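Following: one structure in structure tokens, then a few remarks.
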Amino acid sequence: MIRTILFLSTSSGPGGAERVISNLAASLDPRRYRAILCLFRPGWLKERSESCGIRTFVLPTQGMTDWRWAIQFKRLLRQEQVDVIHAHEFDANVQGACVAALSGIPLVATVHGKNYYWERLRRRLAYRWVSRRATMVAVSEDLKQFIVEKVGIPTSRVKVLYNGVDVLPQCTPAEVVECRKELGLPEDHQIVGVVGNLYPVKGHQYLIEAIPAVLKTCPNTSFVFAGRGQLESELKAQACRLGVDERVHFLGLRQDIPRILAMLDLFVLPSLSEGLSMAILEAMISGKPVVATQVGGNPELVINEETGFLVPPRDSQALGDKLIVSLTNTQQSADFAERGKRRAEGLFSLRSMVSSYQSLYDQCLKSEG
């Protein structure tokens with residue numbers, strides 16, 4: 001019997017959690033599962049999922065007390081004969097759990113980050129309730145510990161399932177050269193890149209602060225920022241004030257991340273908080289050395305001084321120092337990149353993530369049966 005899994009997402013992206021949802025839904029074994037998607041609003045995730053052939057529904061909501069949404073969602077569950085709901089992030093987890101409880105349908109509630117749900121008592125109480133009525137999943141051991149300590153959920157009620165990525169399409173040397181030309185990057189420059197939305201939590205400003213010191217030692221270096229967001233104009237102004245604007249390139253939202261990663265000599269992620277970074281995983285599986293902040297699940301991905309460098313968050317000097325070491329010691333960086341690629345392929349593959357979630361769906365269905 002083919003079971004229907006409905007994915008319910010708080011956000012429509014683009015972002016790491018949304019890529020996880022899209023990749024997971026598109027990769028379920030079609031002999032065992034049918035994937036459909038429900039969103040609170042249209043956006044990148046709707047377009048991406050529909051392009052993969054996943055039937056997608058949009059049910060706007062006014063929040064946790066929106067009973068009209070609950071009625072519509074319950075009707076959708078019945079109409080599509082949903083067997084398991086797989087919700088992602090706070091709003092979807094809570095609202096999904098409420099309707100799942102009324103409908104008698106098992107729910108998997110995945111938490112991807114530390115997005116303020118712990119700061120209000122009402123939200124902590126809501127998540128404690130969800131943990132008693134759903135299978136709660138954290139995407140890293142660090143995030144699980146955070147949920148246990150900050151929200152007050154017993155450790156036995158939170159499972160850890162790592163995100164996974166597929167091997168990205170390979171780019172030829174000619175395609176890399178063409179990409180550099182398109183972006184106006186000099187042929188003799190080393191390229192440092194970051195992929196992520198331009199939001200405060202991603203810490204881009206600390207990378208820009210580090211650039212002048214990097215350029216003193218490594219003058220033939222350019223920096224690319226792939227992503228869009230509210231801080232773009234502010235970050236551009238900061239680069240101008242520091243006199244490095246000619247070396248900093250803001251690329252906006254890109255649909256060709258494999259091409260961008262292929263041309264990088266070094267990947268950097270200066271985040272202030274992370275669940276389990278899809279950007280780091282994609283860089284690792286693309287064979288790129290990584291410099292990242294020691295936050296969230298990053299240390300579970302990057303083994304410091306073995307597969308890359310980890311630095312404290314908000315420390316531009318430490319970040320700059322490790323960028324310089326990585327750019328000047330190319331053999332060490334190549335060794336880090338190779339080890340990182342093997343680690344990503346072995347522990348954080350898309351196949352592994354899909355297998356883990358399919359086993360979890362089966363457990364949920366068995367317990368309901």
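A few points about this structure:
- Counting only helices (runs of 4 or more DSSP H) wholly contained in segment 269-369, the ones carrying 3 or more residues that are open to solvent by 10 Å² or more (accessible area, probe 1.4 Å) occupy 316-328, 330-347, 350-368.
- Condition met for Arg31 (in a loop (DSSP other than H, G, I, E, B), closer than 14 Å to Ile5 by Cα and at pLDDT 95 or above): yes
- The strands (runs of 3 or more DSSP E) falling completely within segment 114-206 that include 1 or more residues that are open to solvent by 70 Å² or more (accessible area, probe 1.4 Å) map to 158-160.
- Residue check, Ile36 surrounded by fewer than 21 Cβ atoms within 10 Å (Cβ to Cβ) and touching a Lys or Arg at 6+ places or on another chain (Cβ under 6 Å): yes
- Residue match in segment 252-268 (condition: farther than 27 Å from Arg48 by Cβ, touching a Pro at 6+ places or on another chain (Cβ under 9 Å) and surrounded by 24 or more Cβ atoms within 10 Å (Cβ to Cβ)): yes
- Positions within segment 40-61 being more than 13 Å from Glu18 (Cβ to Cβ) and not β-branched (Val, Ile, Thr), in sequence order: Glu50, Ser51, Gly53, Arg55, Phe57, Leu59, Pro60
- Answer residue from segment 1-33, given it is of a type in the set (Val, Ile, Thr) and buried (at least 18 other Cβ atoms within 10 Å of the Cβ) and is farthest from the chain's Cα centre (by Cα) among those: Ile5
- Among the residues here, Gly287 qualifies as at positive phi and touching a helix residue (DSSP H, G or I) at 6+ places or on another chain (Cβ under 7 Å).
- Residue among Leu301, Leu350 that alone is out of contact with any Leu (no Cβ under 6 Å at 6 or more places or on another chain), aliphatic (A, V, I, L, M) and without any contact (Cβ under 8 Å) to a residue 60 or more places away in the chain: Leu301
- Any hit, segment 316-336, residues being in contact (Cβ under 8 Å) with a residue 60 or more places away in the chain, of a type outside the set (Phe, Trp, Tyr) and within 30 Å of Ala87 (Cα to Cα): no
- Residue, most open to solvent (accessible area, probe 1.4 Å), within segment 77-109, restricted to residues that are within 17 Å of Pro42 (Cα to Cα) and in contact with a strand residue (DSSP E or B) (Cβ under 8 Å, 6 or more places away or on another chain): Glu89
- All positions within segment 39-61 that are over 18 Å from Leu28 (Cβ atoms) and open to solvent by 70 Å² or more (accessible area, probe 1.4 Å): Arg41, Pro42, Glu47, Pro60
- Within segment 207-217, the set of residues being among the β-branched types (Val, Ile, Thr) and either in contact with a Phe, Trp or Tyr (Cβ under 9 Å, 6 or more places away or on another chain) or surrounded by 16 or more Cβ atoms within 10 Å (Cβ to Cβ) (or both) comprises Ile208, Ile211, Val214.
- Pair list, Cβ under 7 Å, 6 or more apart: segment 57-71 residue in contact (Cβ under 8 Å) with a residue 60 or more places away in the chain, other residue open to solvent by less than 30 Å² (accessible area, probe 1.4 Å): Met64/Val94; Met64/Gln95
- Scanning segment 155-184 for residues being modelled with pLDDT under 95, of a type in the set (Gly, Ala, Ser) and out of contact with any strand residue (DSSP E or B) (no Cβ under 9 Å at 6 or more places or on another chain) gives a total of 1.
- Within segment 97-113, the set of residues being outside any helix (DSSP H, G or I) and over 24 Å from the mean Cα position of the chain (by Cα) comprises Gly104, Ile105, Pro106.
- Annotation: of all residues in segment 218-245 being modelled with pLDDT under 95 and touching a strand residue (DSSP E or B) at 6+ places or on another chain (Cβ under 9 Å), the one that is surrounded by the most Cβ atoms within 10 Å (Cβ to Cβ) is Gly227.
The values are calculated or read from the model by the stated rules, or taken from the named source; none is laboratory data. None of these values were measured; they are calculated from a predicted model. We place every Cβ from the backbone using ideal geometry, glycine too, and count neighbours over all the protein chains shown. Quick note on the areas: whole protein, heavy atoms, side chains included, nothing else; ligands and nucleic acids left out. Shrake-Rupley method; radii C 1.70, N 1.55, O 1.52, S 1.80 Å.
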